[in-house]
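Let me begin by presenting the structure, written as structure tokens, before commenting on it.
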Amino acid sequence: MLHIIFLFSLLFTASTNVLAQDFCVGDLKSSPYPSGYACKPETSVTAEDFAYSGLGVPGNTSNIIKAAVTPAFVAQFAGLNGLGLSSARLDMDVGGVIPLHTHPGADEILFVVSGRIKAGFVSSSNAVYIKVLKKGDLMVFPKGLLHFQLNVAKHSSVAIVTFNKPVPGLQILDFALFASSFPTALVEATTFLDEAQIKKLKGVLGGTG
Ligand SMILES: *[C@@H]1O[C@H](CO)[C@@H](O)[C@H](O)[C@H]1NC(C)=O
């Protein structure tokens, strides 16, 4: 009997402690740890911390990919700190593309706000899944897998993506290979691409080595 009472009191204490920590709005002036930012004191938390207006504005698509990713990750949106969520806005001009990339830390779900987007991913067993998405469609991209989005509308397309991490991470394959200092001979040895093609892409994307 005593044991049971003890167990119940432990459970009660544990659950009240969990409830007491409703959120941990990030103190963005602190240095982030992999687990996030330090909590802002609750007395200085306001409704502003739980809202973010940065995705209302189109990103600048005057670039080589004719596309823009506007993040609403924890660094922009302090209320996400410690929660398993973040978001971003994709703007893609005619012919715009978010090149093959992965988010090492998060699954992604994409919602097409306007336009027409061809999107797909490659699985670990090299199966390829591609869909043309129209306004209102959703597509999911499992964590860590290489995927892309391509605007196939005759005008611009907009999508909202949501991740199940406050910092999803982003690694773009072409940028890792051709916008970095990865030595050309090693890119050649590790990808089987021709030296001329590697040098051409490094020239376009700004890589060195
Ligand atoms: C968009 O980016 C381009 C290239 O960096 C720049 O020249 C242009 O001024 C930017 N446009 C706006 C509206 O910020």
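The values are calculated or read from the model by the stated rules, or taken from the named source; none is laboratory data. Predicted, not measured: the structure shown is a model, and the values here were computed from it. Here the Cβ is made from the backbone with ideal geometry for all residues, glycine too, and neighbour counts use every protein chain on show.
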Before we move on, is residue 69 in a strand (DSSP E or B) and touching a residue at least 60 places away in the same chain (Cβ under 8 Å)? yes
Take segment 69-106 and flag every residue that is within 15 Å of the ligand (Cβ to nearest atom) and within 23 Å of residue 176 (Cα to Cα). 69, 70, 91, 92, 96
Which one of 132, 112, 128 is of a type in the set (Val, Ile, Thr), buried (at least 18 other Cβ atoms within 10 Å of the Cβ) and either more than 30 Å from residue 46 (Cα to Cα) or at pLDDT 95 or above (or both)? 112
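Of all residues being within 14 Å of the ligand (Cβ to nearest atom) and either of a type in the set (Phe, Trp, Tyr) or surrounded by 14 or more Cβ atoms within 10 Å (Cβ to Cβ) (or both) in segment 39-68, which is nearest to residue 163 (Cα to Cα)? Just the residue, please. Spell out how you get there, then give the answer.
Quick first cut of segment 39-68, residues within 14 Å of the ligand (Cβ to nearest atom) only: 57-68.
Subsequent filtering for residues that are either of a type in the set (Phe, Trp, Tyr) or surrounded by 14 or more Cβ atoms within 10 Å (Cβ to Cβ) (or both) retains 59, 61, 65-68.
Numbers: 59: 19, 61: 22, 65: 22, 66: 23, 67: 19, 68: 17 Å.
Filtering first and then ranking leaves 68.
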Being in contact with a Gly (Cβ under 7 Å, 6 or more places away or on another chain) and not hydrophobic (A, V, I, L, M, F, W, C) is the filter here, so list the residues in segment 58-89 that pass it. 61, 66, 70, 76, 81, 82, 89
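Every residue, every condition in (1) farther than 23 Å from residue 87 by Cβ; (2) assigned to a loop (DSSP other than H, G, I, E, B), yes or no:
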{"position": "124", "(1), (2)": "yes, yes"}
{"position": "133", "(1), (2)": "no, no"}
{"position": "158", "(1), (2)": "no, no"}
{"position": "167", "(1), (2)": "no, yes"}
{"position": "176", "(1), (2)": "yes, no"}
{"position": "180", "(1), (2)": "yes, yes"}
{"position": "200", "(1), (2)": "yes, no"}
Check segment 107-120 and report whether any residue there is within 16 Å of the ligand (Cβ to nearest atom), within 23 Å of residue 133 (Cβ to Cβ) and in a loop (DSSP other than H, G, I, E, B). no
Considering (1) in a loop (DSSP other than H, G, I, E, B); (2) more than 13 Å from the chain's Cα centre (by Cα), say which one residue 91 fails and leave the rest. (1)
